[in-house]
Each structure stands twice: as C-alpha cells, then as structure tokens.
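Colleague: Let me begin by handing over the structure; questions about it come next.
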Amino acid sequence: MSSTSSPIASGSSSGVGIIGLSASGGWAAASHLPALRALDGFDIRALSTSNPDSARRADEQYGVPLAFGSAKELAESPDVDLVVVSVKAPDHYANVMAAPNAGKTVLSEWPLGKNAAETRELAETAEAKGVRTFVGLQARTAPHVPYLRDLIADSYVGDVLSTTLVGSGRAYGDTVDQSNIYLLDPANGATLLTIPFGHTVDALTMVLGEFADLDARAVTRRTTVRVAQTGKEVAMRTADQIAVQGVLESGAVVFAHYSGRLGRGTNFLWEINGTEGDIRIAGPNGHLQVGPITLHGARGASSELAELPLPAAYELPALADARTSPAYSVGHAYAGIREDLSQGTHRIADFTHAHHRQQLFDRIETAAKRD
C-alpha cells in the first residue's frame, strides 16, 4: 500500500500503543509485549482496554506509562506513533479504524476484518488517510518460512511438482475454552479457515505462489462442543474440517487439509516435492506462526531426508531465547516493521494484502458451497 506518511528516522524509537493488552493475559501479553521489549527501536508508551478500570489494572501489572479506556484515546495520543490492535477478531474493525482516523500507523492482528467488506473498507480508509499499515500474518515472518522461500527460489527441489499440507486447528475440536466460544460462530470471522488454515496457506502462497484454480470442502463433523470450564454443550456452527485441492500459478498441485482438533498423530506436516528434491516442514501443533518448526530435505543422489538447520542470517539474536514462544515470529514481524518504517520498504504484509488474502478465503468458501 502506498503511503504519504514519513519514515521513522534511523536511531529513533517508535512510540507503541497496544489496544487489548489485558491484565488477565491473552495474545498481546504473550507475544507482542515480550517481542517489543526484546527489540531496539520500540518504546511501549500506552495501552488501552475496553474500559478505564481494566486499563488501570493492566497499567499496574505491566508498567506502561499511559493507560486509556478506549482505542480512540490511545490512537489520538501524541505519544503514540504505532497503534497495535490485539483484540478478538470481531472487535477489530472499530479498534483498527481509530488509527487511520487519527493519522497513525497501525498493526492489526489477523484476520483484519470479519469479512471481505470490512477488510476492504479498512484498507481503503488507510489508503485515503495516507498511513502505513501492517497485518499480523506472522507465519510469513517465522524465520523458517523466508528460509524455505529462498530454498525454493534457489531450486533446492528443482521445479515444484506438488505440495501436501496437513494441520490441526486446536481450538475447533471437542472442547472449547469459555473465552473462545466466539470462534464457533462464522459471523465473527475467526474460523478454522481464516485463522490456523489462513496463516499457513498465506505462508504457502508466499513460498510457492498463488492459486490459479481450486476446489474445496468445508464440513462440520461435530455438531456440538463441550465448554471446558462448565461441561455445557454448545453448538458448533463453523466447519471443523477444511480440505482444499488445486493448482498454483506455477502448475504445482496442492492438497491441504486442516482438522479442528489437536490429534495424537500428525498435527503439522507440509511437504514440497520437486523434480530434483523434497522438503518436509514439521511441527508439534497446527499453527505454523507459533512453531517450533523444523525443516528436513534431500536432493539429487541423497535418498534420506536430513535436517536443514536454520542459518544464523535468518534469526535475530535478541529473540534467541524465544524460539518456542509466540513472541518469536511476532518479534521477527516487528523487526520487519522497523525496517519498513525507517527505510520506506514494504517487507511486511499490509492491509491491501489482507484484503487480497481474504478474497482467497471467499473463493474457498464459494467452492465449498458448490456441492
């Protein structure tokens, strides 16, 4: 996305305000906060929650200088340069919109909006206001994924013939946490398709290219789910099985299946097969953006897969202790954001990309409804 906003001067720090940093924990506390504190170039200056009382409690817990009871107040603060929105997906639209309306650079967690219409409006508003935007598709910044992209670009496997992906969504299985019941309603936009599958297929297209053609199935196998805290059964209104097959623009064949639950067997396995070699990407859970991830490969005369260690050039020393933490890939995203803001580059996915990716999910949902 083009922008009229000025780059951040080299050597200066960006004042960050986090919307959704709660005293009760959550994604912002587990990922954004430690990532920002580990990196140079960012200064956490403000937080906001849904009301002044909860903001005060969060302020006391995390020691952030400013605490606001609304996104609007935070976005309008002169101390904030970068607004970070880390709230539940159905609440993204109003909180994200506060930033471009205040002329501020903004990072929104994924998915950007509940649907393509919200995503498009947010992208168009930011464009009209001339602000830089970033979206939290962190799988593409998890260090193994850029490394994998470069291996493919350097013809490690030759011409890619096919790719197969199997993953688990974890939160869409037989039990659900009370705080995650909203995930079961597709109207909230936070589904198996858009979140675990969405992060991963975004990385897949980054590495291998976009879909030229596809077919899909979206199936609800469990009609009810048990709430972990109460034992109450609630309706599963969204698909807990996603299967997509298709052909990429390169001609490579794709098959991808995501199951809603974390299983006892394979929870994440991605294989890329080519004319000269093969690569396997594996992890203990279905979320590529969380990891940890390992790469194995073989080419030419080699008949056995061997580990492909991540070169040091793809890692950040400041995040070395966070390799098994959600802060790891988020921190690498912030490093890219810092580069984009200081050098005027466009490494990190923006709101225009978010709208493009949402259109792919709309294609998948349309294909799934054909039968």
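The values are calculated or read from the model by the stated rules, or taken from the named source; none is laboratory data. Just so you know, these numbers come straight off a predicted model, no measurement behind them. Neighbour counts run over all protein chains shown; Cβ positions are idealised from the backbone, glycine included. Side chains included, ligands, DNA and RNA excluded: accessible areas come from the protein's heavy atoms. Shrake-Rupley method; radii C 1.70, N 1.55, O 1.52, S 1.80 Å.
Colleague: Residues 94, 67: which one is closer than 15 Å to residue 20 by Cβ, of a type outside the set (Val, Ile, Thr), surrounded by fewer than 24 Cβ atoms within 10 Å (Cβ to Cβ) and within 23 Å of the chain's Cα centre (by Cα)?
Modeller: Values: 67 fails: within 23 Å of the chain's Cα centre (by Cα).
Only one candidate qualifies: 94.
Colleague: If you go through segment 14-26 one residue at a time, how many are in contact with a strand residue (DSSP E or B) (Cβ under 7 Å, 6 or more places away or on another chain) and over 19 Å from residue 66 (Cβ atoms)?
Modeller: 0
Colleague: Also, I was wondering about something else. Would you check which residues across segment 13-39 are more than 15 Å from residue 333 (Cβ to Cβ), part of a loop (DSSP other than H, G, I, E, B) and touching a residue at least 24 places away in the same chain (Cβ under 8 Å) and list them?
Modeller: Of everything in segment 13-39, those that are more than 15 Å from residue 333 (Cβ to Cβ), part of a loop (DSSP other than H, G, I, E, B) and touching a residue at least 24 places away in the same chain (Cβ under 8 Å) turn out to be 13, 20, 21, 23, 26.
Colleague: Take the conditions more than 25 Å from residue 348 (Cα to Cα) and modelled with pLDDT of 95 or more and apply them to residue 234. Does it pass?
Modeller: Criteria met by residue 234.
Colleague: Which members of segment 100-118 meet the condition of being touching a residue at least 60 places away in the same chain (Cβ under 8 Å), closer than 15 Å to residue 19 by Cβ and among the aliphatic types (A, V, I, L, M)?
Modeller: 107, 112
Colleague: Going by the structure shown, is residue 80 touching a His at 6+ places or on another chain (Cβ under 8 Å) and outside any helix (DSSP H, G or I)? First the steps, then the outcome.
Modeller: Details: touching a His at 6+ places or on another chain (Cβ under 8 Å): no; outside any helix (DSSP H, G or I): yes.
Against the criterion (touching a His at 6+ places or on another chain (Cβ under 8 Å) and outside any helix (DSSP H, G or I)), residue 80 does not qualify.
Colleague: I would also like to ask the following. Hey, can you tell me all the residues within segment 222-250 that are free of Cβ contacts under 8 Å to residues at least 24 places away in the same chain and part of a loop (DSSP other than H, G, I, E, B)? Spell out the reasoning first.
Modeller: Of segment 222-250, the ones free of Cβ contacts under 8 Å to residues at least 24 places away in the same chain are 223-224, 231-233.
Correct list: 223, 231, 232.
Colleague: Could you tell me which residue of segment 336-355 is nearest to residue 318 (Cα to Cα), considering only residues that are open to solvent by 30 Å² or more (accessible area, probe 1.4 Å) and in contact with a helix residue (DSSP H, G or I) (Cβ under 9 Å, 6 or more places away or on another chain)?
Modeller: Applying the first criterion (open to solvent by 30 Å² or more (accessible area, probe 1.4 Å)) to segment 336-355 yields 338-339, 342-347, 352-353, 355.
Those left that are additionally in contact with a helix residue (DSSP H, G or I) (Cβ under 9 Å, 6 or more places away or on another chain): 345-347, 352-353, 355.
Numbers: 345: 22, 346: 22, 347: 20, 352: 30, 353: 28, 355: 32 Å.
By that ranking, first place goes to 347.
Colleague: While we're on this one: Assuming residue 102 fulfils every condition listed in (1) over 21 Å from the mean Cα position of the chain (by Cα); (2) hydrophobic (A, V, I, L, M, F, W, C); (3) within 25 Å of residue 180 (Cβ to Cβ) apart from one, which condition is it?
Modeller: Looking at each condition in turn, residue 102 falls short on (3).
Colleague: Tally time: how many residues in segment 174-208 are more than 24 Å from residue 355 (Cα to Cα), open to solvent by 10 Å² or more (accessible area, probe 1.4 Å) and among the hydrophobic types (A, V, I, L, M, F, W, C)?
Modeller: Keep residues of segment 174-208 that are more than 24 Å from residue 355 (Cα to Cα), which gives 174-181.
Checking which are open to solvent by 10 Å² or more (accessible area, probe 1.4 Å) leaves us with 174-175, 177-181.
If we keep only those that are among the hydrophobic types (A, V, I, L, M, F, W, C) as well, we get 181.
The qualifying residues number 1.
Colleague: Separate question: Could you tell me which of the residues 347, 338 is over 30 Å from residue 238 (Cα atoms), part of a loop (DSSP other than H, G, I, E, B) and among the basic types (Lys, Arg)?
Modeller: Details: 338 fails: part of a loop (DSSP other than H, G, I, E, B).
Only one candidate passes the filter, namely 347.
Colleague: Also, quick follow-up: What's the total number of residues in segment 252-274 that are within 23 Å of residue 214 (Cα to Cα) and either open to solvent by 70 Å² or more (accessible area, probe 1.4 Å) or of a type in the set (Phe, Trp, Tyr) (or both)?
Modeller: Looking only at that region, the number is 5.
Colleague: How do the pairs read when you match residues in segment 347-366 that are among the aromatic types (Phe, Trp, Tyr) with residues anywhere that are part of a helix (DSSP H, G or I) and buried (at least 24 other Cβ atoms within 10 Å of the Cβ), using Cβ under 6 Å and keeping only pairs 6 or more apart or on different chains?
Modeller: 351/122; 351/123; 351/126
Colleague: Among the numbered conditions (1) open to solvent by 20 Å² or more (accessible area, probe 1.4 Å); (2) closer than 23 Å to residue 353 by Cα; (3) of a type in the set (Gly, Ala, Ser), tell me where residue 155 comes up short.
Modeller: Every condition holds for residue 155 apart from (2).
Colleague: Here's a follow-up. Provide a single number: the residues in segment 174-193 that are touching a residue at least 60 places away in the same chain (Cβ under 8 Å) and over 20 Å from the mean Cα position of the chain (by Cα). I'd like the intermediate steps shown before the answer.
Modeller: From segment 174-193, those touching a residue at least 60 places away in the same chain (Cβ under 8 Å) are 174, 182, 187-190, 192-193; that's our starting set.
Those still in the list that are over 20 Å from the mean Cα position of the chain (by Cα) too: 174.
The total comes to 1.
Colleague: Which one of 55, 89, 35 is touching a strand residue (DSSP E or B) at 6+ places or on another chain (Cβ under 6 Å) and surrounded by 21 or more Cβ atoms within 10 Å (Cβ to Cβ)? Walk me through how you get there before you give the answer.
Modeller: On the way: 89 fails: touching a strand residue (DSSP E or B) at 6+ places or on another chain (Cβ under 6 Å); 35 fails: touching a strand residue (DSSP E or B) at 6+ places or on another chain (Cβ under 6 Å).
Matching residue, one of 55, 89, 35: 55.
Colleague: Here is a follow-up. Could you list all residues from segment 275-288 that are open to solvent by less than 20 Å² (accessible area, probe 1.4 Å) and of a type in the set (A, V, I, L, M, F, W, C)?
Modeller: 279, 281, 288
Colleague: Sticking with this structure for a sec: Only one residue in 139, 171 is crowded, with 19+ Cβ neighbours inside 10 Å, in contact (Cβ under 8 Å) with a residue 12 or more places away in the chain, in contact with a helix residue (DSSP H, G or I) (Cβ under 6 Å, 6 or more places away or on another chain) and assigned to a loop (DSSP other than H, G, I, E, B). Which one? Outline the logic, then answer.
Modeller: On the way: 139 fails: assigned to a loop (DSSP other than H, G, I, E, B).
Of the residues listed, the single one that is crowded, with 19+ Cβ neighbours inside 10 Å, in contact (Cβ under 8 Å) with a residue 12 or more places away in the chain, in contact with a helix residue (DSSP H, G or I) (Cβ under 6 Å, 6 or more places away or on another chain) and assigned to a loop (DSSP other than H, G, I, E, B) is 171.
Colleague: Is there any pair linking a residue in segment 293-306 that is in contact (Cβ under 8 Å) with a residue 12 or more places away in the chain and within 19 Å of residue 145 (Cβ to Cβ) to one that is surrounded by 15 or more Cβ atoms within 10 Å (Cβ to Cβ) and aromatic (Phe, Trp, Tyr), with Cβ under 9 Å and at least six apart or on different chains, and which?
Modeller: Qualifying pairs under 9 Å: 293/268; 295/147; 297/156.
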